[in-house]
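Single-structure report; data block below.
The values are calculated or read from the model by the stated rules, or taken from the named source; none is laboratory data. Predicted model, so just to flag it, every value in this text is computed and none were measured. Here the Cβ is made from the backbone with ideal geometry for all residues, glycine too, and neighbour counts use every protein chain on show. All accessible areas refer to the heavy atoms of the entire protein, side chains included, with ligands and DNA or RNA removed. Shrake-Rupley method; radii C 1.70, N 1.55, O 1.52, S 1.80 Å.
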Amino acid sequence: MRKYLLLLICAILSMSCKAQSISADTLMKYKWDIVVPNFKQYGQDKTVTFDKTRTYNRSHFKRTNSNGEIIERSATTTQMYYLSNDKPTKFDDDKVGKTSSGKYIITLSRWEEEGVLKRNVNYHEIIAVTDSTITMIYPLGDTFVYKKISSENKINPLLNKKFQGSPQKTISAFYDSFVWGNEKFDENVGRMCCTSKLLQRLNISNANISSPNHYTIENFSLTKNLALQNNEKLEPRQINHIEPTSYDWYIVELEEYGYHGTIKIKIIKSDSNYLIDDYLWIDKASKESDDKNGFARNKDGKPYIPDKRLPIPND
């Protein structure tokens, strides 16, 4: 009897030591490299970052084909998550963004099947935490090890808040923060306001240019490629009007340094976030002057589009 009691105590102790807790702050503070399994042997780099409500899994693929050309591609997937001390039986949406620590990372997979939205809960059990790594096991027994890369990719929560609420807020914050502002645009903040499709389009590394962290945000600028005079730069840059159209597209009327133009921007809703998915320039008008030259604004306040156009920049 004593032998069985000792075995029971050991089993209980081993179970209690198996799962370890981690804080949401630790997850959000760092960018994590997946070192186990070893995806690098297949020419892939896989990294994970967290914000308060979502995980972002990035895969970067780089190979040289038979012609000696470098093929480079990136893709990012995202899921809602929360931390828990217990294994889940279902995904609890009310806990997203509200748990500060836990022994399990609970994630939600969603997909559409024959017009029906499907949901599936997944979890990763944390079995070891060191100063530089997190070791986890999946329900089927696979082991994953995340290694800290840096803390440089932590998103400013005040910046994140600017993009919450509506498609119009996302568009306005995108221009104010990145196109016209001084906020640094990188992959991490890009996932906050853009889909992976748009990030791939803006990432010039996909054009075989060796600069994987550069994104051509200037493609959203009305005055890209123009040699502006110093006195012109004193004039404002602003959004004059945003109007929703069909199929998730929005007409955005811009003003930059006295120049007026119109761009269509597509917004996709992802859970509670609104992400920029695509863009298309409609008009890049010349600089408006006065009524005598025919470049004045119409009576409704919208820009009058003259015959003379500025060249639309290439992506």
> For region 173-199, how many residues meet the condition of being part of a helix (DSSP H, G or I) and polar (S, T, N, Q)?
Replying inline: 3
> Any residue in region 74-83 that is part of a strand (DSSP E or B), at pLDDT below 85 and touching a His at 6+ places or on another chain (Cβ under 9 Å)?
Replying inline: yes
> Which residue out of T99, T130, T77 is over 30 Å from Y250 (Cα atoms), touching a residue at least 60 places away in the same chain (Cβ under 8 Å) and β-branched (V, I, T)?
Replying inline: T99
> Restricting attention to region 48-63, does a residue exist that is farther than 22 Å from L199 by Cα and either part of a strand (DSSP E or B) or open to solvent by 60 Å² or more (accessible area, probe 1.4 Å) (or both)?
Replying inline: no
> Name the residues in region 21-40 that are under 14 Å from Y81 (Cβ atoms) and part of a strand (DSSP E or B), would you?
Replying inline: I22, S23, W32
> Which members of region 112-137 meet the condition of being open to solvent by 60 Å² or more (accessible area, probe 1.4 Å) and either among the aromatic types (F, W, Y) or assigned to a strand (DSSP E or B) (or both)?
Replying inline: E112, E113, V116, L117, K118, R119, N120
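I'd like the full set of residues that are open to solvent by 20 Å² or more (accessible area, probe 1.4 Å) and at pLDDT below 85, limited to region 15-27.
Within region 15-27, M15, S16, C17, K18 meet the criteria.
Is region 98-111 home to any residue that is assigned to a loop (DSSP other than H, G, I, E, B) and aliphatic (A, V, I, L, M)? Working first, answer last.
We begin by selecting, within region 98-111, every residue assigned to a loop (DSSP other than H, G, I, E, B); these are 98-100, 103.
Restricting the remaining residues to those that are aliphatic (A, V, I, L, M) gives none.
No, every residue in region 98-111 fails to be assigned to a loop (DSSP other than H, G, I, E, B) and aliphatic (A, V, I, L, M).
Here is a yes/no grid of residues against (1) modelled with pLDDT under 90; (2) within 19 Å of Y175 (Cα to Cα); (3) acidic (D, E); (4) open to solvent by less than 70 Å² (accessible area, probe 1.4 Å):
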| residue | (1), (2), (3), (4) |
| --- | --- |
| W249 | no, yes, no, yes |
| E256 | yes, yes, yes, yes |
| T262 | no, yes, no, yes |
| Y274 | yes, yes, no, yes |
| D283 | yes, yes, yes, yes |
| E288 | yes, no, yes, yes |
| G294 | yes, no, no, yes |
| D307 | yes, no, yes, no |
